[in-house]
Ligand SMILES: [Zn+2]
């Protein structure tokens, strides 16, 4: 397992700075639900998102999609790196993420009432352990690891995103996602 307390956030390769993602038990980088500068940034984001969500009807559950480690690298939720697969493979993978059965409806903890009362919720992508935070002070100040499986669920980089080079292969994600939606409409 990772050396939790001394996790180095920056990886230098050829004089470029990358986010140094923690590694799983097989030494492979994994997807992390929340990777942001610090707690203040996270709270600011949550506040702004709530305003947007109330104004434009954006589902609050989608918030974590904007905070995850894939802003900084090409590691997908299932651990696959975009650089290691073809565009067609990526498309079929994303299709499964997008059209997976609605987990929120089946999740015992995710009744609408509970969702309303929380400011942040995280499902551990590895073991499914559910974390929810009700008040600003409940949100951890430090990097946080799943109590069940030990994987990182919140990492604070102490840097803005611009500090890091993107690690991996960049794919025209939006285009791929639009194609998936279009094909689904046509089916
Ligand atoms: Zn876990």
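None of the figures in this text is laboratory data; all of them are computed from the coordinates on show. Only a predicted model underlies this, so the values are computations on that prediction, with no experimental measurement involved. FYI the Cβ positions are ideal-geometry reconstructions off the backbone, even for glycines, and counts take in every protein chain you see.
Per-structure values
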{"item": "Estimated D of segment 146-187 in µm² per second, where Rh is the Kirkwood radius over Cα pairs and Stokes-Einstein applies at 4 °C, 1.567 mPa s", "result": "91 µm²/s"}
{"item": "Longest to shortest principal axis, alpha-carbon extents of segment 12-98, angstrom", "result": "40, 33, 25"}
{"item": "Measure of compaction for the chain (Cα Rg per 2.2 N^0.38 Å)", "result": "1.06"}
{"item": "Stretchable slack from residue 15 to residue 179, in nm (0.36 nm times residue separation minus alpha-carbon distance)", "result": "55.4 nm"}
{"item": "Using a Förster distance of 45 Å, the FRET efficiency for residue 141-residue 186 (Cβ separation, nearest 0.05)", "result": "0.40"}
{"item": "Separation in nanometres of the label points that stand 7 Å from Cα toward Cβ, at residue 161 and residue 127", "result": "3.0 nm"}
{"item": "GNM flexibility winner over the chain from 84, 26, 73 (Cα, springs under 10 Å)", "result": "26"}
{"item": "Two-site label geometry, residue 50 and residue 99: point separation in nm, points 7 Å out along Cα→Cβ", "result": "3.6 nm"}
